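Quick notes on the structure that follows.
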Amino acid sequence: MKNKRKAKIIAVLVSVILVAVVIPSALYIKFFTIWGIKGQKPINSVSSPDGRYTVTAYLNNGGATTSYCVLAAVKDNKTGFERNIYWQEDVDVAYIDWVDETTVIINAAELDVQKDTYDYRKN
């Protein structure tokens, strides 16, 4: 009888901890990062000098109450992995220029495509 009660207590505690971690994490990802943003209209796409990476810029329309935004995603052409690296409000063009095989400049923001991100809300 004590074992069943102990198991129930542990199950409840694990559930509470999971909810306390999962819900705030999901909210943070949704509202405070660029991970979950989907590109709407492709406007520019440029491959790195060695062809390993391709940066694609999208024009996103936030609707009547917000301005246009530019989202840029980098795709590793070797693995197929794609992630968002650039998010800027109040622009409708994306100037993309590669500095070297892993460094790109998007609208004056210099990024290492392997690790950097630019989010106008944080930078």
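The values are calculated or read from the model by the stated rules, or taken from the named source; none is laboratory data. Small disclaimer: the values here were computed from a predicted structure and weren't measured. Cβ placement follows ideal geometry from the backbone for every residue including glycine, while neighbour counts extend to all protein chains displayed.
Please determine, by comparing only the residues of the stretch 48-95 that are aromatic (Phe, Trp, Tyr) and farther than 15 Å from TYR118 by Cβ, which one is surrounded by the most Cβ atoms within 10 Å (Cβ to Cβ).
The selected residue is TYR53.
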What's the total number of residues in the stretch 96-106 that are crowded, with 16+ Cβ neighbours inside 10 Å and either modelled with pLDDT under 95 or outside any loop (DSSP other than H, G, I, E, B) (or both)?
4
Counting just the residues of the stretch 21-55 that are closer than 18 Å to VAL99 by Cβ and part of a strand (DSSP E or B), which one comes out nearest to the chain's Cα centre (by Cα)?
VAL55
